[in-house]
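Here is the structure we will look at, set down as structure tokens.
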Amino acid sequence: MLSIMPTTQAVVRTDAGLAAELRVGVMRLRRRLAGERHPDNDLSLGQMAVLGLLLRRGDLTIGELARLERVQPPSMTRTVTCLEELGNVTRRPHETDGRVVVVALTEHGREVVLADRKRRDAWLAVQLTHLTAEERDALRRAAPILDRLSQAD
């Protein structure tokens, strides 16, 4: 019987096919990693993303956080307010512009994000052991490219 549907390998050879396969694979991995979050962590993925940004980049303004997370400043203000109420961040006025608020990670917030990352990284490290050396090398090469894609406009 002749198949009308092209094979997955044939589809992935096209840019559109590669885009579809990447979308599905990345979405499934994201869901799987989200399921591996620390059981005591009730923060949303958006809130965790803000904590992660503050850990990586240091203190940021609400506007910078909103731009980096691609949300509107009022939405980011609500997220930061919730994180502040939970003791994960603090706010202070900008040193030269009192109209601007700077957000800083607290020690508690740092512990939350590091514990969450440790758990998910451990799960992923175990999964990587099931891959061949060539597959792991391919992922090492792909990781910076995926990161660059995630930051594209």
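Using a 10 Å cut-off on Cβ atoms, rank the peptides 122-134, 48-60 from the highest mean neighbour count down.
The densest-packed peptide leads the list: 48-60, 122-134.
Rounded to the nearest 500 deg cm²/dmol, what is the calculated helix-only ellipticity per residue at 222 nm for the chain, with -39500 (n - 2.57) per DSSP H run of length n ≥ 4?
-21000 deg cm²/dmol
Mind listing the long-range amide H neighbours of VAL100? Cut-off is under 5 Å, sequence gap 5 or more, other chains count too, H placed in the peptide plane at 1.01 Å from N.
Amide H to amide H, under 5 Å and 5 or more residues apart or across chains, VAL100 pairs with HIS94.
Does anyone have the angle between helix 73-85 and the longest principal axis of the chain? Alpha-carbon axes, 0 to 90°, nearest 10?
Roughly 70 degrees, rounded to the nearest 10.
Just ARG117, ARG91, ARG13 to compare: in a GNM of the chain, with alpha carbon springs under 10 Å, which one fluctuates most?
Checking each option, the largest mean-square fluctuation is seen for ARG13.
Where is the GNM fluctuation largest for the chain (alpha-carbon springs, 10 angstrom cutoff): GLY63, GLY87, GLY98?
Top of the fluctuation ranking is GLY98.
Which of LEU55, LEU68, LEU131 sits closest to the plus end of the dipole of the chain, meaning its Cα is farthest towards the positive end, when Lys and Arg get +1 and Asp and Glu get -1 on the C-beta?
After comparing all options, I get LEU131.
I want the local charge near VAL102. Using Cβ-Cβ distances under 13 Å, sum +1 for each Lys or Arg and -1 for each Asp or Glu among the other residues.
On the way: positive: ARG57, ARG91, ARG92, ARG99; negative: ASP59, GLU64, GLU84, GLU95, ASP97.
So the surrounding residues net to -1.
Would you list ILE145, ILE62 from fewest to most Cβ contacts within 10 Å?
Numbers: ILE145 9, ILE62 18.
So the ranking, lowest neighbour count to highest, is ILE145, ILE62.
Quick one: which residues, 5+ away or cross-chain, put their amide H under 5 Å from the amide H of THR106? H built at 1.01 Å from N.
Amide H neighbours of THR106: VAL89, THR90.
Quick one, what does Rg over Rh come out to for segment 42-150 if you take C-alpha atoms and the Kirkwood Rh?
1.08
Label VAL24 and ALA143 with points 7 Å out from Cα along Cα→Cβ: what is the distance between them in nm?
Going by the 7 Å Cα→Cβ label model, 2.6 nm.
How much net charge surrounds HIS38 when only the other residues with a Cβ under 13 Å from the Cβ of HIS38 are counted, with Lys and Arg +1 and Asp and Glu -1?
Every neighbour counted, the sum reads -1.
How large is the dipole of the chain about the Cα centre if only Lys and Arg carry +1 and Asp and Glu carry -1, each at its Cβ, rounded to the nearest 20 debye? Let's see the in-between values first.
Values: 24 positive and 21 negative charges, 63 e Å.
I would put it at about 300 debye.
Hey, if you drop one equal point scatterer on each alpha-carbon of segment 102-153 and run the Debye formula without solvent, what base-10 log of I(q)/I(0) do you get at q = 0.29 Å⁻¹?
Here log10 of I(q) over I(0) equals -1.00.
Within a Cβ distance under 11 Å of ASN88, other residues only, what is the Lys/Arg minus Asp/Glu net charge?
On the way: positive: ARG110; negative: GLU84, GLU85, GLU107, GLU111.
It works out to a net charge of -3.
Every number in this text was worked out from the coordinates using simple rules, so none of it is lab data. Values in this document were obtained by computation on a predicted structure and should not be read as measured data. Counting neighbours? That spans all protein chains shown, and the Cβs are built from the backbone with ideal geometry, glycine included.
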